[in-house]
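Structure first, commentary second.
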């Protein structure tokens with residue numbers, strides 16, 4: 001009984017929130033509880049809250065070319081060794097592919113993009129071909145269409161990424 005009273009008294013003095021004393025058996029000796037540790041309160045500097053984040057991929061876009069200019073645009077029946085082959089301004093409607101060869105001046109030497117659109121005489125939108133421009137002061141690239149079957153005057157139009165027209169070249173499709 002005295003052991004039980006001593007345990008209750010200890011919990012009250014130690015400030016424990018538990019109202020029930022620990023259970024002990026009558027055959028085991030009762031261990032003395034450790035004395036409570038008292039610390040003096042020192043001023044604590046306010047710290048920013050700790051934020052836990054998970055690993056995410058941050059996509060950093062490299063600067064893009066903004067000063068692209070077309071040095072040369074050529075309509076051709078093919079490309080050989082990165083140059084137009086059989087340059088022409090008149091194409092037969094039975095021709096399988098019509099190429100627009102484009103030489104780009106890239107003074108910033110930054111990667112960029114141009115688009116080439118083949119516009120038929122009916123002005124019906126045919127689609128745009130996106131072409132990458134590499135990190136070189138001179139870049140040669142080309143696009144082609146297999147849809148040049150409508151007779152009349154066609155136009156190959158080159159635009160930069162913002163849609164600004166850089167060049168155009170007309171060619172005639174004959175039947």
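For residues in the range 75-97 being surrounded by 13 or more Cβ atoms within 10 Å (Cβ to Cβ) and under 33 Å from the mean Cα position of the chain (by Cα), which is nearest to residue 129 (Cα to Cα)?
The residue in question is 79.
So in the range 114-136, with the set limited to residues that are farther than 15 Å from residue 157 by Cβ and not in a loop (DSSP other than H, G, I, E, B), which one is farthest from the chain's Cα centre (by Cα)?
Step by step, filter the range 114-136, then rank; the result is 133.
Any read-out appearing in this document is the output of simple, stated calculations on the displayed coordinates, not a laboratory observation. These numbers were taken from a predicted model, which means no experiment stands behind them. Positions of Cβ are generated from backbone atoms using ideal geometry, with glycine treated the same way; all protein chains shown enter the neighbour counts.
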